[in-house]
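The values are calculated or read from the model by the stated rules, or taken from the named source; none is laboratory data. These numbers were taken from a predicted model, which means no experiment stands behind them. Ideal geometry is used to build each Cβ from the backbone, glycine not excepted, and the neighbour counts take in all protein chains shown.
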Amino acid sequence: MGKEKMRKKEFICIVCPNGCKLTAEVSEESGGSSVNVTGYSCKRGKEYGQTEAVHPVRSVTSTVRVTGGDHPLVPVKTVKEVPKEKIFECMEAIRALSVAAPVHIGQILIRNIAGTGIDLAATGNVKQVQ
Amino acid sequence: MKRIEAVIVGGGPAGMAAALSARQNGLENILILEREEELGGILNQCIHTGFGLHTFGEELTGPEYAARYVEKIEKEKIPFYTGTTVLEIQSEEQSKLKTVTAVNRIQGVFQLQADTVILAMGCRERPRGALNIPGFRPAGIYSAGTAQRLVNREGYLPGREIVILGSGDIGLIMARRMTLEGARVKAVAERLPHPGGLMRNVVQCLEDYDIPLKLNCTVAEIHGRERIEGVTLVQVDGENRPVPGTEEFISCDTLLLSVGLIPENELTAAMGAAMNEKTGGPMVSETLETSVPGVFACGNVLHVHELVDHVSREAEEAGRFAAEWVKKR
Amino acid sequence: MYDVLIIGAGVIGCAAARELSRYEAGICVVERCSDVCEGTSKANSGIVHAGYDAPTGSMKARMNVTGNEKMEELCRELDVSFQRIGSLVICMEEERIPELQKLYDRGIANGVKGLRLLNREETLELEPGLSEKVRGALYAPSAGILCPFELTVALAENAAANGAEFRLNTEVTDIVREHGGYIVRTNQGDLRTRMVVNAAGVYADVFHNMVSSDKIHITPRKGEYCLLDTEAGGLVRHTVFPLPEKKGKGILVTPTVHGNILLGPTAAPVEDREGVNTTKEGLEAVLHSAEQYVKELPVRKVITSFAGLRASEDGREFVLGEVKDAPGFFDAAGIESPGLSSVPAIGEFLAEMIQKRGGWRAKEKFESRRKGIRRFLELTPEEQQELLRENPAYGTIVCRCEKITEGEILEAIRRPLGATTLDGIKRRTRAGMGRCQGGFCSPRVMELLASELHRAQETITKCGGNSRMLAGHIRGTDSEKD
């Protein structure tokens, strides 16, 4: 086996409060597809390390304006993480949106937000008021 | 006077889990008293993710975590009064019955007779006064939790240029939240040599947005007469004394305080329960019973928990112990 | 054209307005801030002194002793809580005991009743919270405590109910003499009046000097305070002063009428007439001094700190009465301690003098009584049910710490001279004054203010001017509402 060119990254895992210190070694030759992560203590941590090393993603949570509801806002989240560099674009889409009550928890409010392929869903209920 | 087997003070995560557990363990006659207009407590304003990994095996937002419990409460038909503030709990020595005095818009001031009471009032933030920061007393100084409520529930932005004192989790979460809403968070100052909140929050709330975390640093003075105009930050040494010459002025229109949480135990102390100086909560036995027989405590009113999942676990225990207490009588 | 224009809606201006409103005279109070009680009156000890401090024969001594005697009746009329808890001047060093005797003698000469010198045992028996090192004390049973906001608001409301006009947000910029009176120039236009009462606190010299060649000079003296949680409530039962030093009465420790403990004030002359900032040194001095004579000072129970400015005239005496070279211009200047104690006396003194000048008849229907905001939880069950039928909002607790209901907050806004700011609500109802200092209730209080005053929530302020609480709405829902 020839000596591979490796890029080493160290970061703290954010998937749970434990905050494990991860080390990721990315093989340059594989174009970033081969990542060796150490330091994790769960499966999700390992997955996080692999993604974070090559293409960090985050979930976005915010609120969307609601008309005709018992609350002026409904909380929302991206149903999966979106690429980190897309966060502010997601926020623009969220800011521009206004939905009519009622809104139900889990209801998809934006499909494919900011071209990420990820949907935006309500995380709370807003009742309609007459 | 209405007789209730278990009166639960607070309809947040602790109160709901305690009520459900008390029902599962055989208590029919339960009542939750919640001061806000809906169940869920502080979770309703915690719109970020990070809840429920232990309880539900998935990462939920605060409102989602709360909604799962609210659904169960409704399914179990456990009665609750919202908009209801408990004013006093008195325990009668002979009968061991508790009189709970509360107030709401419909009944006014009313009383209930309870076999057991489960305290689940949660905690509150330490205010500015506790820090005794010198300077003016302008508008624009908020605790992080108050800012969170304003932004997430009501949609109001407290300010546009923010300094945060204290690196508790709520402060870190709000740093990110306000950044996403267009505010500029200029610094998070932490008196201690390490952050107060979880490392994951330091990473995803501060580092992701290049917000500087200044350790060993505190606010020495507040500037601005009407609205806050800035703060002087200063380095502190190991004994918490300011280091001369390290003062730094940072202009801002808002100062958020995230300097710790204290269990909210006015009712508990007034009831005469023995208190634990260290945790700020009541002293409890292994069965989570306070020194007042038949009064149990769980969740952040007992001590401040790191995770809501832990609150739910503890509250389930309290519900079970309360049910056992009633059955033993 | 007003008969009397009063500059300043502090406790003195409001007391003068209230006493003058007994007569058929046109009274106007102008105040630069958005509410009454925004200056010196809002940050002081809230002590009604017995009257042994001021030099015998001085205006201060006379007003203090008379004011103290009249305070109970005034507070009864205005539904203001006043508690005659008594005060102790304590001596910590054997060699200073003679100073207590001097104070006692002066008190007797000033006409103070009930004074007693106590030995160490008697002192500790009366006030067990004191340090064992105490050597003796001067006990003045007639001293009392009240809430300065409550008194000022009550005087103002009562004056308004009797026809006095209040112009808030109105800053006097100049005073010009004209035939038969004065033109008072303000940022809201010119006002004409026959007579002027100058009750402008730390600015009283500025206005005095506009009309008189006999100049006066006021130095603002800063006093810093720390307020302790009601949990520390039993710390002392009387107002406790150390023996006075040259600078002032020293750092006192006193219960407040609301069950807190107040420590302070420091006494530092400052140049800035707006310099109500606390300082590290000041706050440390307050805690340090109090620690010297209180057995166990729970410094961790501090819920807030604040500073106020006393208007100290160079002669260290109240400047009360008509200015010699400015007929119809009456000073109430240099009103530092014992100013609050003197309020009933100063109000009457000024009103009597001014009435003689104006010659107005007494009103047939002067209403001397005023009712405060009803504290829902302190009412009888029957009264509570009645109030709840009137407005269910009395059943919702908004301020958890002080147990203030939505009904009380609405009442504070809807009253004549009602609250328009968060501080206004706080001073009228105590909502936001407890241990969380408004953390829980301020969002709801802002909402109530906005809806009652028909204003966007973003425009609500802490205390008027530029003290906005919010920067805007993140989703623009409010602009849509408009």
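Taking C:Val206 and the conditions (1) in a strand (DSSP E or B); (2) aliphatic (A, V, I, L, M); (3) in the same structural domain as C:Met353 (by TED's automatic domain parsing), which numbered condition does it fall short on, given that it satisfies the others?
Result: C:Val206 passes all but (1).
Check C:Val445, C:Val398 and return the single one that is touching a Lys or Arg at 6+ places or on another chain (Cβ under 7 Å) and either outside the structural domain of C:Glu231 (by TED's automatic domain parsing) or not hydroxyl-bearing (Ser, Thr, Tyr) (or both). Steps first, answer last, please.
Numbers: C:Val445 fails: touching a Lys or Arg at 6+ places or on another chain (Cβ under 7 Å).
The match here is C:Val398.
Determine the pairs where a residue that is within 21 Å of A:Cys42 (Cβ to Cβ), located within segment A:15-30, has a partner that is surrounded by 15 or more Cβ atoms within 10 Å (Cβ to Cβ) and acidic (Asp, Glu) with Cβ atoms under 8 Å apart, the partner being 6 or more residues away or on another chain.
Between residues of segment A:15-30 that are within 21 Å of A:Cys42 (Cβ to Cβ) and residues that are surrounded by 15 or more Cβ atoms within 10 Å (Cβ to Cβ) and acidic (Asp, Glu), the close pairs are A:Val15/B:Glu59; A:Leu22/A:Glu52; A:Ala24/A:Glu52.
State which residue is nearest to the other protein chains (Cβ to nearest Cβ) when the search covers only segment C:350-377 and only residues that are farther than 30 Å from C:Gly339 by Cβ and either charged (D, E, K, R) or exposed (fewer than 15 other Cβ atoms within 10 Å of the Cβ) (or both). Outline the logic, then answer.
Let us first name the residues in segment C:350-377 that are farther than 30 Å from C:Gly339 by Cβ, namely C:361, C:364-365, C:376-377.
Keeping just the survivors that are either charged (D, E, K, R) or exposed (fewer than 15 other Cβ atoms within 10 Å of the Cβ) (or both) gives C:361, C:364-365.
Numbers: C:Arg361: 44, C:Glu364: 41, C:Lys365: 36 Å.
Among residues in segment C:350-377 that are farther than 30 Å from C:Gly339 by Cβ and either charged (D, E, K, R) or exposed (fewer than 15 other Cβ atoms within 10 Å of the Cβ) (or both), the one nearest to the other protein chains (Cβ to nearest Cβ) is C:Lys365.
Tally the residues that are of a type in the set (Val, Ile, Thr) and either assigned by TED's automatic domain parsing to the domain that holds C:Gly464 or in contact with a Leu (Cβ under 8 Å, 6 or more places away or on another chain) (or both), restricting the search to segment C:153-185.
3
Checking C:Lys301 against (1) outside the structural domain of C:Ala9 (by TED's automatic domain parsing); (2) touching a strand residue (DSSP E or B) at 6+ places or on another chain (Cβ under 9 Å); (3) under 29 Å from C:Met59 (Cα atoms), which single condition isn't satisfied?
Every listed condition holds for C:Lys301 apart from (3).
Would you say B:Ala66 is touching a residue at least 12 places away in the same chain (Cβ under 8 Å) and touching a strand residue (DSSP E or B) at 6+ places or on another chain (Cβ under 8 Å)? Write out each step before concluding.
Values: touching a residue at least 12 places away in the same chain (Cβ under 8 Å): yes; touching a strand residue (DSSP E or B) at 6+ places or on another chain (Cβ under 8 Å): no.
Criteria not met by B:Ala66.
Consider segment B:1-25. How many of its residues are touching an Asp or Glu at 6+ places or on another chain (Cβ under 9 Å) and part of a loop (DSSP other than H, G, I, E, B)?
Selection size over segment B:1-25: 4.
Take A:Arg65 and decide whether it is of a type outside the set (Gly, Ala, Ser), within 13 Å of chain C (Cβ to nearest Cβ) and crowded, with 18+ Cβ neighbours inside 10 Å.
Details: of a type outside the set (Gly, Ala, Ser): yes; within 13 Å of chain C (Cβ to nearest Cβ): yes; crowded, with 18+ Cβ neighbours inside 10 Å: yes.
So A:Arg65 fits the description; yes.
Check B:Leu192, B:Leu131, B:Leu112 and return the single one that is without any contact (Cβ under 8 Å) to a residue 40 or more places away in the chain, surrounded by fewer than 23 Cβ atoms within 10 Å (Cβ to Cβ) and either touching a Cys at 6+ places or on another chain (Cβ under 7 Å) or among the aliphatic types (A, V, I, L, M) (or both).
B:Leu192
Which one is nearest to B:Ser95 (Cα to Cα) among residues in segment B:281-303 that are surrounded by fewer than 20 Cβ atoms within 10 Å (Cβ to Cβ) and either within 14 Å of chain A (Cβ to nearest Cβ) or free of Cβ contacts under 8 Å to residues at least 24 places away in the same chain (or both)?
Taking the candidates together, the pick is B:Ser291.
Kindly provide the set of residues from segment C:1-21 that are touching a helix residue (DSSP H, G or I) at 6+ places or on another chain (Cβ under 7 Å) and not in a helix (DSSP H, G or I), ordered by number.
Once the filter is applied, which keeps residues that are touching a helix residue (DSSP H, G or I) at 6+ places or on another chain (Cβ under 7 Å) and not in a helix (DSSP H, G or I), segment C:1-21 yields C:Asp3, C:Val4, C:Ile6, C:Ile7, C:Gly8, C:Ala9, C:Gly10, C:Ser21.
Can you tell me which residue in segment B:109-148 is farthest from the other protein chains (Cβ to nearest Cβ), limited to those that are of a type in the set (S, T, N, Q) and out of contact with any Lys or Arg (no Cβ under 6 Å at 6 or more places or on another chain)?
Taking segment B:109-148 and keeping what is of a type in the set (S, T, N, Q), we get B:111, B:113, B:116, B:132, B:143, B:146, B:148.
Next, only the ones that are out of contact with any Lys or Arg (no Cβ under 6 Å at 6 or more places or on another chain) stay: B:111, B:116, B:132, B:143, B:146, B:148.
On the way: B:Gln111: 10, B:Thr116: 23, B:Asn132: 5, B:Ser143: 5, B:Thr146: 5, B:Gln148: 10 Å.
By that ranking, first place goes to B:Thr116.
Determine, yes or no, whether B:Gly245 is modelled with pLDDT under 95 and either farther than 30 Å from B:His223 by Cβ or not in a strand (DSSP E or B) (or both).
Values: modelled with pLDDT under 95: no; either farther than 30 Å from B:His223 by Cβ or not in a strand (DSSP E or B) (or both): yes.
Answer is no for this residue.
Would you mention how many residues in segment B:218-252 are of a type in the set (S, T, N, Q), within 13 Å of chain C (Cβ to nearest Cβ) and in contact with a His (Cβ under 9 Å, 6 or more places away or on another chain)?
1
All but one of (1) of a type outside the set (Gly, Ala, Ser); (2) away from every other protein chain (no Cβ under 14 Å); (3) closer than 20 Å to B:Pro134 by Cβ hold for B:Leu255; which doesn't?
Unmet condition: (2).
Taking the condition without any contact (Cβ under 8 Å) to a residue 40 or more places away in the chain, at the interface with another protein chain (Cβ under 10 Å from one of its Cβ atoms) and crowded, with 23+ Cβ neighbours inside 10 Å, does B:Val151 pass?
Yes: the conditions hold for B:Val151.
Could you grab me the full set of residues in segment C:224-252 that are within 14 Å of chain B (Cβ to nearest Cβ) and within 22 Å of C:Glu336 (Cα to Cα)?
C:Glu224, C:Tyr225, C:Cys226, C:Leu227
Can you go through C:Thr461, C:Thr429, C:Thr420 and tell me which one is within 10 Å of chain B (Cβ to nearest Cβ), within 23 Å of the chain's Cα centre (by Cα) and not aliphatic (A, V, I, L, M)?
Result: C:Thr461 is the single residue among C:Thr461, C:Thr429, C:Thr420 that is within 10 Å of chain B (Cβ to nearest Cβ), within 23 Å of the chain's Cα centre (by Cα) and not aliphatic (A, V, I, L, M).
So in segment C:253-275, with the set limited to residues that are in contact with a Phe, Trp or Tyr (Cβ under 7 Å, 6 or more places away or on another chain) and in a loop (DSSP other than H, G, I, E, B), which one is nearest to the other protein chains (Cβ to nearest Cβ)? Please lay out each step first, then the result.
Here is the first cut: in segment C:253-275, the residues in contact with a Phe, Trp or Tyr (Cβ under 7 Å, 6 or more places away or on another chain) are C:262-265, C:273.
Keeping just the survivors that are in a loop (DSSP other than H, G, I, E, B) gives C:265, C:273.
Details: C:Pro265: 15, C:Arg273: 12 Å.
Top of the filtered list is C:Arg273.
Can you find even one residue in segment B:175-191 that is over 25 Å from the mean Cα position of the chain (by Cα) and assigned to a strand (DSSP E or B)?
yes
Kindly provide the set of residues from segment C:422-451 that are under 19 Å from C:Gly372 (Cβ atoms), of a type outside the set (A, V, I, L, M, F, W, C) and touching a residue at least 40 places away in the same chain (Cβ under 8 Å), ordered by number.
Once the filter is applied, which keeps residues that are under 19 Å from C:Gly372 (Cβ atoms), of a type outside the set (A, V, I, L, M, F, W, C) and touching a residue at least 40 places away in the same chain (Cβ under 8 Å), segment C:422-451 yields C:Asp423, C:Gly424, C:Arg427, C:Arg428, C:Thr429, C:Arg430, C:Gly434.
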